[in-house]
Amino acid sequence: MSTPTVLVTGAGRGIGRATVEGFLAGGWQAVAGVRDVDAARAAFAPHPQLSIVELDVCDAGSILDGTAAAMRIAGGPLASVVPNAGCAVMGSSEDVDLDVVRRMFETNLFGNAAVVQHVLPAMREAGSGVIVCTSSIGARLANPLLGMYHASKYAMTAWAEAMRLELLPFGVRVHVVEPGMVNTDFRPRRPPPGRSRAVRVPMRRCWDSFGPGSAHGGKRLGSAPRTWRPRSSRRPWMRTPVSGSLWGPIRSRCLLPGMSWATRSFRNGRCAFWGCRGA
């Protein structure tokens with residue numbers, strides 16, 4: 001029996017890098033899709049068995065070449081693909097830069113969808129495979145000043161849910177993992193000083209909690225997160241929050257009326273359920 005192969009996008013750092021390491025530890029052949037191959041080779045130096053391909057999800061040519069290389073490495077259809085590449089834009093709904101938001105959607109949704117479109121036909125014809133989309137707890141509830149980022153993650157989850165139904169007859173499974181606050185180098189892109197000030201002032205603690213050097217109130221990411229585990233599970237769960245500490249906010253969001261949720265979540269500019277800290 002051949003070793004199963006997985007392709008992970010956005011694998012150069014953070015959750016993507018840890019996911020690759022988790023697959024390797026699980027005995028898989030992993031292909032890391034990254035924008036900077038040289039930096040990735042240095043970061044993954046302890047894993048000489050890892051295959052690294054250039055794959056920029058915002059570049060159609062790079063997607064075509066990167067996915068073709070991954071399937072050559074696999075010797076056929078991939079056993080799994082993890083659309084993980086992502087970025088975040090921070091700003092109020094009133095004046096967030098929509099050109100920057102469009103580029104974020106290109107990364108978080110359209111680019112990852114294009115990767116899946118290239119590898120899915122072979123998986124469907126083989127009658128097997130697993131797609132594990134890295135969404136966010138932000139696809140269940142929203143933070144002020146991050147509305148556009150949340151919108152991109154809600155969109156990814158909706159895409160994954162439809163894809164799950166489409167692929168059920170073909171033996172290809174779709175899962176969504178929803179990480180909460182984790183302490184990586186992932187940071188939202190903040191607008192220039194002066195923008196969003198009117199909204200930012202009453203929400204200053206949420207704003208400050210996403211500043212340089214902050215930990216977002218999250219735990220440090222381990223080397224083998226649960227992000228990759230649904231690929232081997234036969235349980236019917238589609239959406240899997242990664243951190244058990246998230247069930248409180250999720251239950252509250254489902255059970256509380258809209259205004260009760262809003263007033264309980266954001267007291268005096270502090271995001272009560274997100275552990276935000278600030279002045």
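The values are calculated or read from the model by the stated rules, or taken from the named source; none is laboratory data. Given the structure is predicted, the values throughout are model-derived calculations rather than measurements. As a convention, Cβ positions derive from the backbone with ideal geometry for all residues, glycine included, and neighbour counts pool all protein chains shown.
Summary of computed values
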| quantity | calculated |
| --- | --- |
| Conditions (1) modelled with pLDDT under 95; (2) touching an Asp or Glu at 6+ places or on another chain (Cβ under 8 Å); number of the one not met by ILE63 | (1) |
| From the options VAL115, VAL81, residue that is among the β-branched types (Val, Ile, Thr), within 15 Å of the chain's Cα centre (by Cα) and not in a helix (DSSP H, G or I) | VAL81 |
| Scope the range 70-92; condition free of Cβ contacts under 8 Å to residues at least 60 places away in the same chain and over 17 Å from ILE52 (Cβ atoms); matching residues | GLY76, PRO77 |
| Tally of residues being over 19 Å from THR5 (Cα atoms), among the hydrophobic types (A, V, I, L, M, F, W, C) and either under 20 Å from the mean Cα position of the chain (by Cα) or crowded, with 18+ Cβ neighbours inside 10 Å (or both) across the range 45-59 | 2 |
| GLY91, sole failed condition from (1) within 28 Å of MET148 (Cβ to Cβ); (2) surrounded by fewer than 24 Cβ atoms within 10 Å (Cβ to Cβ) | (2) |
| Every residue from the range 19-54 that is in contact with a Ser or Thr (Cβ under 6 Å, 6 or more places away or on another chain) and within 24 Å of SER135 (Cβ to Cβ) | THR19, GLU21, VAL31, GLY33 |
| Failed condition for GLY76, given (1) under 22 Å from ASP36 (Cβ atoms); (2) modelled with pLDDT of 95 or more; (3) assigned to a loop (DSSP other than H, G, I, E, B) | (1) |
| Yes/no for SER128 being among the hydroxyl-bearing types (Ser, Thr, Tyr), crowded, with 20+ Cβ neighbours inside 10 Å and either out of contact with any Cys (no Cβ under 9 Å at 6 or more places or on another chain) or free of Cβ contacts under 8 Å to residues at least 12 places away in the same chain (or both) | no |
| Positions within the range 1-18 being touching a Ser or Thr at 6+ places or on another chain (Cβ under 9 Å), among the aliphatic types (A, V, I, L, M) and either assigned to a strand (DSSP E or B) or closer than 14 Å to ALA79 by Cβ (or both), in sequence order | VAL6, LEU7, VAL8 |
| Condition check for GLY111: touching a residue at least 12 places away in the same chain (Cβ under 8 Å) and on the phi < 0 side of the Ramachandran plot | yes |
| Subset of the range 41-63 [of a type in the set (Gly, Ala, Ser) and without any contact (Cβ under 8 Å) to a residue 40 or more places away in the chain] | ALA42, ALA43, ALA45, SER51, GLY61, SER62 |
| Selected residue (criterion: surrounded by the fewest Cβ atoms within 10 Å (Cβ to Cβ)) from residues of the range 7-40 that are in contact (Cβ under 8 Å) with a residue 40 or more places away in the chain and under 13 Å from LEU55 (Cβ atoms) | GLY16 |
